[in-house]
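What follows is a single structure, written as structure tokens, with notes after it.
The values are calculated or read from the model by the stated rules, or taken from the named source; none is laboratory data. All of these numbers come straight from a predicted model, not from anything done at the bench. Heads up, the Cβs are rebuilt from the backbone with ideal geometry, glycines too, and the neighbour counts pull from every protein chain shown. Ligands, DNA and RNA are stripped out before the accessible areas are found, and what is left, the full protein with its side chains, is counted by its heavy atoms. Shrake-Rupley method; radii C 1.70, N 1.55, O 1.52, S 1.80 Å.
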Amino acid sequence: MVKSSLEVDGMEEIRKRIIELGRKGSRIQNAAIKQGGQILADTMYKEVSVSDINHTHIRDDIVVSEVKRIKGIPHVQVGPSKETAWRAHFLEFGTIYMPPNPFMLRSVRLSKENVQAKLKSELKKGLGL
């Protein structure tokens, strides 16, 4: 899975306000992060190639994980589940027989602004700003 991060302008002010709110702030933050992840998942759905073979397609297997924390920083993982991730790897990075089609990286780039806007708007709405 391709890992990438996004920064939102004004995030530090929002983060301080979330800390002040405690648990309610954490729930607001987690909901906003999940919604941002869903925007990325929707973009991946549109960007991934689909074969005509009758099996579970990568497009139909893109999931948004629950919010996890690494060193206290919340995030979600977006991409194919374990069932199709091995095939997505071949698409993303290519093989000796086919060129790469980096749909995950392309999706991150295409949805970056929409994800940032969604995070910002949901956090402001939840915090009453």
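Restricting attention to the stretch 47-68, which residues are of a type outside the set (Asp, Glu) and either under 14 Å from the mean Cα position of the chain (by Cα) or on the phi > 0 side of the Ramachandran plot (or both)?
Within the stretch 47-68, ILE62, VAL63, VAL64, SER65, VAL67, LYS68 qualify.
Taking the stretch 47-79, which residues are in contact with a Phe, Trp or Tyr (Cβ under 9 Å, 6 or more places away or on another chain) and not acidic (Asp, Glu)?
VAL48, SER49, ILE58, ARG59, ILE62
Being open to solvent by 40 Å² or more (accessible area, probe 1.4 Å) and either outside any loop (DSSP other than H, G, I, E, B) or of a type in the set (D, E, K, R) (or both) is the filter; apply it to the stretch 2-12 and report the residue that is modelled with the highest pLDDT.
Applying the filter and picking the extreme gives GLU12.
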